[in-house]
1. In this structure, is A210 in contact with a Ser or Thr (Cβ under 7 Å, 6 or more places away or on another chain), among the hydrophobic types (A, V, I, L, M, F, W, C) and at pLDDT 95 or above?
2. So which residues in the range 592-608 are assigned to a loop (DSSP other than H, G, I, E, B) and either surrounded by fewer than 23 Cβ atoms within 10 Å (Cβ to Cβ) or hydrophobic (A, V, I, L, M, F, W, C) (or both), if there are any at all?
3. Please determine, by comparing only the residues of the range 335-367 that are part of a loop (DSSP other than H, G, I, E, B), of a type in the set (G, A, S) and in contact (Cβ under 8 Å) with a residue 60 or more places away in the chain, which one is surrounded by the fewest Cβ atoms within 10 Å (Cβ to Cβ).
4. Scanning the range 522-549 for residues that are modelled with pLDDT of 90 or more and more than 17 Å from F491 (Cα to Cα), which turns out surrounded by the fewest Cβ atoms within 10 Å (Cβ to Cβ)?
5. Restricting to the range 315-333, give me the number of residues that are in contact (Cβ under 8 Å) with a residue 60 or more places away in the chain, outside any strand (DSSP E or B) and either surrounded by fewer than 20 Cβ atoms within 10 Å (Cβ to Cβ) or of a type outside the set (A, V, I, L, M, F, W, C) (or both).
6. If you scan the range 649-700, which residues turn out to be among the polar types (S, T, N, Q) and either closer than 19 Å to A427 by Cβ or outside the structural domain of W723 (by TED's automatic domain parsing) (or both)?
7. Tally time: how many residues in the range 62-79 are in contact with a helix residue (DSSP H, G or I) (Cβ under 8 Å, 6 or more places away or on another chain) and at pLDDT below 90?
8. Find the helices (runs of 4 or more DSSP H) located wholly in the range 414-483 whose residues include 2 or more that are polar (S, T, N, Q) and surrounded by fewer than 20 Cβ atoms within 10 Å (Cβ to Cβ), and list them.
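The values are calculated or read from the model by the stated rules, or taken from the named source; none is laboratory data. Remember, it's a predicted structure, so these values are computed and weren't measured experimentally. Don't worry about glycine lacking a Cβ; one is built from the backbone with ideal geometry, like all the others, and counts go over all protein chains shown.
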Amino acid sequence: MPSSELSLSSSPAPLGRIARSGRIIACVIDETLLLLIGTGGPMTDQLPVEIDEDPSSQVTASVAGWRLPAPQSSATHGFAALLPVESSERLPTTLRFGRDGNGKRYIVAPRAASIAEVTAMLKDFAGPQLVHVLGRLVDVLIKPPHGEQRLPAITTLLKAGAASDGYIELLGEGHDGNIALKGWAHDLPAGICRAIIRSDETFLADCNVAVFPRNDAPEGSAGFVGLLSATDLPRARDIKGIFYRGRGAWRYAGLHERRVVTGPLDTPGHIRAMLLQSQGSPQVMLRLREAANGYDGTETISSLPVPVRLGVDALYQGDDGAFLISGWLLDADGHVESVRLCRQGGRARLDGGWTRTERSDVEEAFVDRPEFKSAISGHRRSHGFVGLVETLGGEPEGPVHLELTLRDSRRAYMPLFPVRLPARTAALRLLASVDPTSWALPDILDRQIVPFLTTAGSSAPTIETVVDMGPFDQAEGTAILLVAGEAEADFAALLGLLALDPQTRRAPIALVLQAERFRRHAVHIRQLSEFYRLPLRLVSVEGAGDACDMAQAAAESVNGSAVILLSASLTPANTGWYQALVTAYEAKEGSIISPTLAYEDHSIRWAGSTSLDRPDHLQSSRYAGYPVGAVNRLKLTRVAAASLDCCIMPREALMEDAGSSPIYLGASLKGLDLALRLSGKGYEAYWLPSLQMVGSDEVPEAGSAATARFVERVDRTLFRARWMPASETAKTFFEEAGV
């Protein structure tokens, strides 16, 4: 290497060569900042620098200087400077340090050094001043807004010059994502300082520190308890040590060989044990008291000295992580400021959007207790609540609890144990628990149930078991998928009708059940199959929410290009219905064809879905309520969507990915939703008026007729949100179809 240039190896050239050459070594920190090393005279902490002899390019550099151990006539001091630039893609050629064009001019070495090379140079050049120089550089680099982007460079500098100052003996995780520290150090001051956390990655955090005396620590040191907080922190078990700004320089505290790592339930107790003997600023002590008052797994609401009590009746967790909760809060005097659902690293406000309900039973339970008797008003009974938390965050499998904060900043807790259920099952169970005459029920539907179902995800159902209970593979004709919904418990009558019909008794019949019902009814169904000598196949489906899910999953269990879907709640009203559907399909192959659905009094329940542009008639038929005799002479008619309660259709249509749909509580609109999606895929739909099936409307799992009205309301809301924006398109289609 020429004598006029500085070596960039870890063993740099003698310092005199830099002084004689007037050269500067540059290191790229990021796209807008350079770290420079050179020699010259004394410099101030802030100094203007002119770039490439252009007076308009002048910027201000932050400088850390030191006196050389062997001063020369041309260089008495060394310096390290941080220079802001517009772009670091091309290094400057020359730099002039000083004002009014009278400063010293330097030539910049054409090759940039790495941060590791520059750090090695500083260790050699700065000598005993290294700690001061590195501290000055790190103090500038760590300032917002670019501090986190420069952490790799900061960490490299600190590893070279931050002296070991103590040890960390305890690392404790908190439910709020903070990490508690306990240990001892010589130079860690009480207060709030910036800390750099060493782990597999590097993190920047604030550290709230309080100190306390320790007789077992080295002389001159003190014990400390701290709280690391940041938007992103590593797990406590992954921390290797922390760098922090001491009273005079940056220091390092590593992990003690007998360190203890605690979880969120144990950490508050460790902080409480040290808090009484600790000293710190009021702000720091407040933060530590909050952490010491954290959730430790015990219920503390019932021990509050104020008339506040809380109970949870049900907490359901959907497959996507959303929570649906119902319970009661007695707070007649208004002590409660907030109620939150929490777990490690995640929390969400519950009371901001919940629905209050009347709960006279709560008042009756507390009215005889002296501390509550004067606070309970007979005119205010809205103590119940139903709430929704769509996103909680934090550890997905972590324990869940309620956090209740009073207006005097006290907090109390209640551990919870969510029941994991599919969103549809959870919504139906909660709906069944609410008084159907409650004035709050519409609000519960609109603000809690509908959003819970809208955001919920659903997994695809799968076939669990297939059992042949007759000569299914030897049967001839189009397969019948006989789908048993939630309301059908006795299959004997329908299987008997299929056995008496000479056409269907020879057809392959697949009876589709949910897995739980399959286990209950399999033996009885086998007895019926053997008695009627039917070519019956029993299909058990796991993870199905309704009849549509079961039909789509079970389509793989049968063969043939077409399949007949038949709900187990329907009964054929015509002889020869099976052949009539097959004949109609042969004329309109690849389409979906449904018969008329009628009630037991032979009035029309469904006769073709023909309109979506009227919000009050989402699946309307011009003949709904008419006697079936009014339409049974009509010809095959094109409609917007078929009824999947009974139809003949291409088997591939059931197996095709027709897109997602909302999670409906009932089967009626779920079937219409799927039928419309299949129409959108190009499958034409037809109504066969001359053929009728008899059956009643769906009875929801939720139970009572009063609840059924609200199930329908929820489904209509979900259906409108999915399909009503397309009403104009649907209207045009119907007009073109002559409907």
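1. On the way: in contact with a Ser or Thr (Cβ under 7 Å, 6 or more places away or on another chain): yes; among the hydrophobic types (A, V, I, L, M, F, W, C): yes; at pLDDT 95 or above: yes.
Answer is yes for this residue.
2. The first filter runs over the range 592-608 and keeps only residues assigned to a loop (DSSP other than H, G, I, E, B), leaving 599-602, 607-608.
Scanning the range 592-608 gives Y599, E600, D601, H602, A607.
3. Filtering the range 335-367 down to residues part of a loop (DSSP other than H, G, I, E, B) leaves 335, 344-345, 350-354, 358-359, 367.
Next, only the ones that are of a type in the set (G, A, S) stay: 345, 352-353.
Keeping just the survivors that are in contact (Cβ under 8 Å) with a residue 60 or more places away in the chain gives 345, 353.
Details: G345: 20, G353: 14.
Out of the qualifying residues, it is G353.
4. Taking the candidates together, the pick is E542.
5. Qualifying residue count, the range 315-333: 4.
6. S660, S661, S668 - these are the residues of the range 649-700 that are among the polar types (S, T, N, Q) and either closer than 19 Å to A427 by Cβ or outside the structural domain of W723 (by TED's automatic domain parsing) (or both).
7. 6
8. Working: elements: 423-433, 441-444, 450-455.
Ranges flagged: 423-433, 450-455.
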